[in-house]
Amino acid sequence: MSANMKNKAIYVGFTFFMATIFIVFPEISWAHNVALNDQSFLESNAGANIVPYLYLGAKHMVTGYDHLLYLAGIIFFLFRIRDIALFVSLFALGHSITLLAGVLANWSVNPYLIDAIIGFSVVYKSIENLGGFKIFFSCWLDTRVAVFSFGLVHGLGLSSKLQDLNIAKEGLIENIISFNIGVEAGQLVALTFLLLAFNILRQSTNFQSHSKVANIALMTAGFLLMGYQVTGYFVFTAG
């Protein structure tokens, strides 16, 4: 089988896998809520609970497939540690600002719409990685600005999950800061595994062709997430 045929087979297989998962388990595609056990803990405990919130923040990031897909897109073509640190820091700064401000200032955001935009962020980064914008535009939005801006959106997505819960005001600031630190710790763990996976991919002699397939697959996942979130909005809120 030729390399192109293998790439097409991988892409088709991934698309079929993602579509099957979302059809069989559609609840994973809706606004990713906090697990029921975690909800019970958050709503039944008052005061500062630093360690539990650290754990919950890390867990939420590591299991947040939409955040991880965007993070994968960010670092896909970054080879130098300095560049990786810069872009991941911009993303982290963005979602830290809106996570903290969103909860503390009680900004009301529809979780389905914000998660649809998060899905779009995956699509956007994949198109950028594929050089799609350069085909039609002589200049485009600076990647650093885009990563920071989408970080703000991802932070609102995180804050919207906590705002849906009846969290006690006592110890709220300490708990939200702890949750945010946990999110950053979870991001570092995820980043480590992603870098290891990409290093293996980059050792392939067909890295360029594989990179196209991988980013098309990322874009497909982003479109699927967008579709389900928009559907969720009309089914559960607009109706």
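Some points to look at:
- Single match in F137, F133 (criterion: hydrophobic (A, V, I, L, M, F, W, C), farther than 26 Å from S40 by Cβ and out of contact with any helix residue (DSSP H, G or I) (no Cβ under 9 Å at 6 or more places or on another chain)): F137
- Among the residues examined, T192 qualifies as more than 21 Å from G132 (Cβ to Cβ) and at pLDDT 90 or above.
- Unmet requirement for L195, which otherwise passes all of (1) assigned to a helix (DSSP H, G or I); (2) of a type outside the set (K, R); (3) under 21 Å from L104 (Cβ atoms): (3)
- Those helices (runs of 4 or more DSSP H) of the stretch 107-172 in which 1 or more residues are of a type in the set (A, V, I, L, M, F, W, C), buried (at least 22 other Cβ atoms within 10 Å of the Cβ) and modelled with pLDDT of 90 or more occupy 111-129, 143-163.
- Of the residues in the stretch 80-94, none is surrounded by fewer than 21 Cβ atoms within 10 Å (Cβ to Cβ), touching a Pro at 6+ places or on another chain (Cβ under 9 Å) and not in a helix (DSSP H, G or I).
- Look at the stretch 46-62: where a residue is farther than 13 Å from L162 by Cβ and a partner is surrounded by fewer than 16 Cβ atoms within 10 Å (Cβ to Cβ) and among the acidic types (D, E), sitting 6+ places away or on another chain with Cβ atoms under 7 Å, you get A46/E170; G47/E170; A48/E174; I50/E174.
Quick grid of which residues meet (1) farther than 25 Å from N199 by Cβ; (2) under 18 Å from the mean Cα position of the chain (by Cα):
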residue	(1), (2)
L71	no, yes
F79	no, no
N129	no, yes
I135	yes, no
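- Scan the stretch 214-238 for residues that are buried (at least 21 other Cβ atoms within 10 Å of the Cβ) and small (G, A, S) and the total you get is 4.
- Residue check, A168 aliphatic (A, V, I, L, M) and closer than 18 Å to N49 by Cβ: yes
The values are calculated or read from the model by the stated rules, or taken from the named source; none is laboratory data. If you're wondering where the values come from, they're calculated on a predicted model, not measured in any experiment. Please note: Cβ atoms are built from the backbone with ideal geometry, for glycine as well, and neighbour counts cover all protein chains shown.
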